[in-house]
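Remarks on the structure that follows.
The values are calculated or read from the model by the stated rules, or taken from the named source; none is laboratory data. Note that the structure is predicted; figures quoted are calculated from it, not measured. Please note: Cβ atoms are built from the backbone with ideal geometry, for glycine as well, and neighbour counts cover all protein chains shown. Heads up: the accessible areas ignore ligands, DNA and RNA and are worked out on the full protein's heavy atoms, side chains in. Shrake-Rupley method; radii C 1.70, N 1.55, O 1.52, S 1.80 Å.
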Amino acid sequence: MRDITVNKLFVIDAYVYTIEFQKRGLPHAHILIILDENSKLLTAEDVDSVVCAYWPDPASERRQLDSVKSHMIHGSCGPLDRNSPYMVDNSCTKKYPKEYNEETVYISEGGYPTYRRPNNGLVVNVRGHPVENEFVVPYNPYLLVKYDAHINVEVCSTVKSLMYLYKYVYKGHDAAT
């Protein structure tokens, strides 16, 4: 939050966040930021400057590649593991593997852009499986390398997606015992 609010990684008008404590694993944050009017992402190029959803170049971005490999690959499901907990009725509930796209399409159904995922033949071995761009979770290269942790970054472009995020952030504590 300090990078976002004090160091001004993004120029923002408002933000809201919640920290969620899972039953297993570490706590994690859900953060929604509203960009300043002059910083809004209006084009596909703007989105590409903030979010990536593909393997970085192994020759020039080795540290980023290692971070993507360690933290930003959707768990094996689909053809890699039909028994994955993400699989329901023989398809992944998170809609992986994603389709290849040579360029970002800014407005898509559901309020989220369709991120650039080139079919460039780059394959990296992750947990014993060959993985291409179709399983890479969207990320911000700067945050990923700085924190070397899973930080999923998405661009929301419709009121419908914002309503979902506000509802998620304000859903309240877990009442499980």
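General observations
- Taking only Cα atoms of segment 37-143, radius of gyration then Dmax in Å: 14.5, 46
- Near Ser70, once Lys and Arg are set to +1 and Asp and Glu to -1 for all other residues with Cβ below 15 Å from its Cβ, the sum equals +2.
- Where only C-alpha atoms are counted, convex hull volume of segment 1-81 per residue in Å³: 168 Å³
- Mean-position separation - Cα centroids, segment 95-149 and segment 43-59, in angstrom: 9 Å
- Kirkwood Rh and Cα Rg combined as Rg/Rh, segment 58-106: 1.08
- Taking 7 Å steps out from each Cα toward its Cβ at Arg2 and Glu37 produces label points 3.2 nm apart.
- Tally of Lys pairs whose C-alpha atoms are under 20 Å apart, taken over the chain, 8 or more apart or cross-chain: 12
- Carbon + sulfur, % of accessible area of segment 1-129 - ligands and nucleic acids excluded, 1.4 Å: 49 percent
- Helix-only mean residue ellipticity at 222 nm for the chain, each DSSP H run of n ≥ 4 adding -39500 (n - 2.57), per residue, nearest 500: -5500 deg cm²/dmol
- Fluctuation leader among Cys92, Cys156, Cys52 - the chain, Gaussian network, Cα springs under 10 angstrom: Cys92
- Here is the list for segment 100-144: GluC sites (Glu not before Pro) lying in DSSP coil, each with at most 14 other C-beta atoms within 10 angstrom of its C-beta, are Glu102, Glu103, Glu109.
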